[in-house]
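> The structure that follows is given in the form of structure tokens.
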Amino acid sequence: MDKCTNGWILPKPPAPRPPVPALATRFQSKIIMKRAGSIFVLLFGLAATQLSRADQPVLDPPLEPLRPFLDKTWKGAFKNSTPEKPVVDVMRWERALNGKAVRVLHSVNDGAYGGETIFMWVEAKQAIEYHYFTTAGFMTTGTLSLKEGKLLTHELVSGNGSNGVSEVRGISELRPDGTLLVKTEYLKAGEWQPGRETTYRVDPAARVLFK
């Protein structure tokens with residue numbers, strides 16, 4: 001304790017703290033900068049994710065399982081296709097009607113046969129229904145459902161040119177390697193018979209053509 005000239009006893013001032021070593025200061029700065037950088041990366045990632053979602057065109061929620069197929073052109077050869085007699089199908093999946101529908105246009109062998117399908121969610125039936133119109137003159141009406149990641153279709157055939165086929169069932173599977181496997185069977189004369197089997201791959205250069 002020190003005694004002032006006026007008689008009061010005052011405490012000694014606190015001893016000055018030792019200076020922080022420059023190395024420790026630089027280390028603390030690096031930690032702060034690292035944390036700030038991590039927060040920036042996190043915020044940037046979240047913002048990019050939100051922007052990516054915002055950039056996606058709106059699609060009716062029940063049709064969301066079809067989004068992986070959209071804006072792609074798929075090309076595949078039928079299982080029974082040969083170099084001498086090729087049977088090649090090209091199909092294009094697109095969002096339609098402001099996202100209330102999905103449209104698929106396809107042609108076999110550059111328009112020797114083809115058709116157009118429209119998928120829509122029917123609220124009253126709580127189901128995805130579709131209509132398929134063909135160059136052969138017949139049409140089909142069916143329903144689409146999902147099971148274990150696969151698209152299941154079942155359709156009724158009407159009109160001329162169906163060659164006696166009254167119903168068609170199909171399974172479409174998007175596989176891990178990016179290929180799309182489609183298998184069908186059809187009902188003819190009261191018996192279910194094997195239909196087509198086609199493995200599609202995305203081919204940006206392919207075109208859906210008609211004669």
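> List the chymotrypsin sites (Phe, Trp or Tyr not before Pro) within the stretch 159-211 that DSSP assigns to loop and that have no more than 12 neighbouring Cβ atoms inside 10 Å.
Phe210
> Additional query: Fully extended, how many nm does the chain gain between Ala124 and Arg67 (0.36 nm per residue separation, minus their Cα-Cα distance)? Walk me through the intermediate numbers first.
Numbers: separation 57, 0.36 × 57 = 20.52 nm, distance 2.28 nm.
Here the segment from Ala124 to Arg67 would lengthen by 18.2 nm.
> Let me ask something else about it. As a quick test, which of the pairs Lys125/Lys183; Lys100/Lys183; Lys85/Lys211; Lys75/Lys211; Lys85/Lys183 have an alpha carbon distance above 23 angstrom in this structure?
Lys125/Lys183; Lys100/Lys183
> Between Ala189 and Glu84, what length comes free when the chain is fully extended (0.36 nm per residue of separation minus the Cα-Cα distance, one decimal in nm)? Don't skip to the answer; put the middle values down first.
On the way: separation 105, 0.36 × 105 = 37.80 nm, distance 3.10 nm.
Here the segment from Ala189 to Glu84 would lengthen by 34.7 nm.
> Relative to a virtual label point 7 Å from the Cα of Glu116 in the Cα→beta-carbon direction, which members of the stretch 173-211 show backbone nitrogen distances below 17 Å?
Counting only backbone N, you get 208-211.
> At Arg201 and Arg103, where each label point lies 7 Å from the Cα along Cα→Cβ, what is the point-to-point distance in nanometres?
Spacing of the two 7 Å Cα→Cβ label points: 2.9 nm.
> Describe numerically, in nm with one decimal, the distance between label points set 7 Å from Cα along Cα→Cβ at Phe133 and at Thr179.
So the label points at Phe133 and Thr179 sit 3.4 nm apart.
> Let me ask you something else. Based on the mean of other Cβ atoms within 10 Å per residue, sort peptides 111-122, 57-68 so the most packed one is first.
111-122, 57-68
> May I pose another question? For the residue pair Val58 and Arg169, what label-to-label distance in nm results when each label sits 7 Å from Cα along the Cα-to-beta-carbon direction?
The answer from the label model is 3.8 nm.
None of the figures in this text is laboratory data; all of them are computed from the coordinates on show. Quick caveat, the model's predicted, so the values are computed rather than measured. Note that we place each Cβ from the backbone using ideal geometry, even for glycine, and neighbour counts take in every protein chain shown.
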